[in-house]
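Asks: Here it is: the structure, laid out below.
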Amino acid sequence: MPPSSLKALRNALAETGVTVRKGLATDQKLWELRQMYEPYVQALSSYLLISLPPWFRVNVIPDSWQSSNWQALIPAVATENGAIPESKVLATESITANTL
């Protein structure tokens, strides 16, 4: 993992209240732990022809299960994880309510 990704991981954990020790010893331990499983995950993904996802979400868009076939958002789920601002969900609800 490049240093920039490690810093982003630490920041994401800090936002949720998890603190991680800084320093070379911590980075080394993380590298050792990753070496225990990553070669297997990479081999399995290669064998199954499935690409591994990135460590972090690049685009924050709702997953397919967070909307219906008609693109009406499911408000409770979509706003729960912050995928969609609540203001956009409320606007969609009013449009849907007016068309029924």
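Asks: Check the stretch 14-35 and report whether any residue there is part of a loop (DSSP other than H, G, I, E, B), within 15 Å of the chain's Cα centre (by Cα), modelled with pLDDT under 85 and among the polar types (S, T, N, Q).
Replies: no
Asks: Under 9 Å between Cβ atoms, at least 6 apart or on separate chains: pull out the pairs that start in the stretch 35-47 with a residue that is within 18 Å of Met1 (Cα to Cα) and among the aliphatic types (A, V, I, L, M) and end on any residue that is at pLDDT below 95 and not in a helix (DSSP H, G or I).
Replies: Final answer for the pair search is Val41/Leu52.
Asks: Now a separate question. Quick check on this structure: which one of Asn69, Asn98 is in a helix (DSSP H, G or I), at pLDDT below 90 and loosely packed, with under 10 Cβ neighbours inside 10 Å?
Replies: Selected residue: Asn98, the only one of Asn69, Asn98 that is in a helix (DSSP H, G or I), at pLDDT below 90 and loosely packed, with under 10 Cβ neighbours inside 10 Å.
Asks: Among the residues of the stretch 36-65, which ones are among the hydrophobic types (A, V, I, L, M, F, W, C) and either modelled with pLDDT of 90 or more or on the phi > 0 side of the Ramachandran plot (or both)?
Replies: Selection gives Met36, Val41, Ala43, Leu44, Leu48, Leu49, Ile50.
The values are calculated or read from the model by the stated rules, or taken from the named source; none is laboratory data. All figures in this text were calculated on a predicted structure; none of them were measured in a lab. Heads up, the Cβs are rebuilt from the backbone with ideal geometry, glycines too, and the neighbour counts pull from every protein chain shown.
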